[in-house]
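Here is the structure we will look at, set down as structure tokens.
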Amino acid sequence: MIHIALIVLSLGVVLNLKLTLYLLRLVRKAPVGRAASFLLPVGERLPTVRAQALVTGDDVSIAPAEEAIVLLFLFSKCPKCGDTLPEIDRLLHSSRGFGLGMWLVSEEPAWRLKRFLRGTDVASITLRVSRKDYKALNPTWASPSYLFVNHLGEVEAAGNIGDENWLSFCSQIDEMNEVRAGAV
């Protein structure tokens, strides 16, 4: 009986060691510093990506342009992403006429996106891309997140919706609207 217990105990130790080594290999393969910079790095040029407009089905190119753009990354099954939709819808309307492009980029099926975006105008700025192109823009599939890209096509900021840069962006849009309203 003691021999059987020793064999079972030895097998448990071997299994534990194997799982520990496997976990160690996974941790070593993880990119260093990715937690802080999970999207394209600041200063990097935005790659040209082919997309399809959700509402019209038109082919669109997400590429550096003469205007600054905000790329948004949401996932329909993410509760926090759903909570950000009213804010994004408000910003979409508030930022019109400021020379700023805003796109929600997704690789999800059209039917799922339409259901997720129902009741907002965000569907009008939604672009569907291939999985490969999505990963080129958002390597770790972070959501809800954003990229701020300047008029030269360079990433100026990236992060989670709700972080300090995002709140500063929202504040700037609100201030510009106050100035616009005061000028009328």
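The values are calculated or read from the model by the stated rules, or taken from the named source; none is laboratory data. Every value quoted in this text rests on a predicted model; they were computed, and no experiment measured them. Cβ sites come from the backbone with ideal geometry, for glycine too, and all protein chains shown count toward neighbours. With ligands, DNA and RNA removed, areas are computed over all heavy atoms of the protein, side chains included. Shrake-Rupley method; radii C 1.70, N 1.55, O 1.52, S 1.80 Å.
Heavy-atom accessible surface of the chain, averaged per residue, reaches 61 Å², computed with a 1.4 Å probe.
Near Ile173: Cβ cut-off under 15 Å, other residues only, Lys/Arg at +1 and Asp/Glu at -1. The net charge is -3.
In the chain, the DSSP-assigned H stretches of four residues or longer account for a calculated mean residue ellipticity at 222 nm of -14000 deg cm²/dmol, using -39500 (n - 2.57) per stretch and the full residue count as denominator. Listed values for the stretch 88-95 are Karplus-derived 3J(HN,Hα) couplings in whole Hz (6.51 cos²θ - 1.76 cosθ + 1.60, θ = phi - 60°), namely 5, 4, 5, 5, 4, 6, 5, 8, and x replaces Gly and Pro.
What is the dipole size for the chain, taken about its Cα centre, with +1 at each Lys and Arg Cβ and -1 at each Asp and Glu Cβ, in debye to the nearest 20?
Working: 20 positive and 19 negative charges, 253 e Å.
Dipole of the chain, to the nearest 20 debye: 1220 debye.
Computed as a quarter of the hull surface, the mean projected area of the alpha carbon convex hull for the chain stands at 15.0 nm².
Based on DSSP loop calls and a cut-off of at most 16 other Cβ atoms within 10 Å, the longest stretch of the chain free of exposed GluC sites (Glu not before Pro) is what? That gives 68-184 as the longest site-free run.
Express in nm, to one decimal, how much length is gained between Glu66 and Thr140 on full extension, taking 0.36 nm for each residue of separation and deducting their alpha carbon distance. Write out the running numbers ahead of the final one.
Working: separation 74, 0.36 × 74 = 26.64 nm, distance 2.76 nm.
Result for the pair: 23.9 nm of gain on full extension.
Across the chain, the relative contact order, built from alpha-carbon pairs under 8 Å that are at least six residues apart, equals 29 percent. Restricting to the chain, what percent of DSSP beta bridges are antiparallel, rounded to 5? Antiparallel bridges: around 70 percent, rounded to the nearest 5. For the stretch 112-167, applying the loop criterion from DSSP together with a ceiling of 14 other beta carbons within 10 Å to the chymotrypsin sites (Phe, Trp or Tyr not before Pro) yields Trp141.
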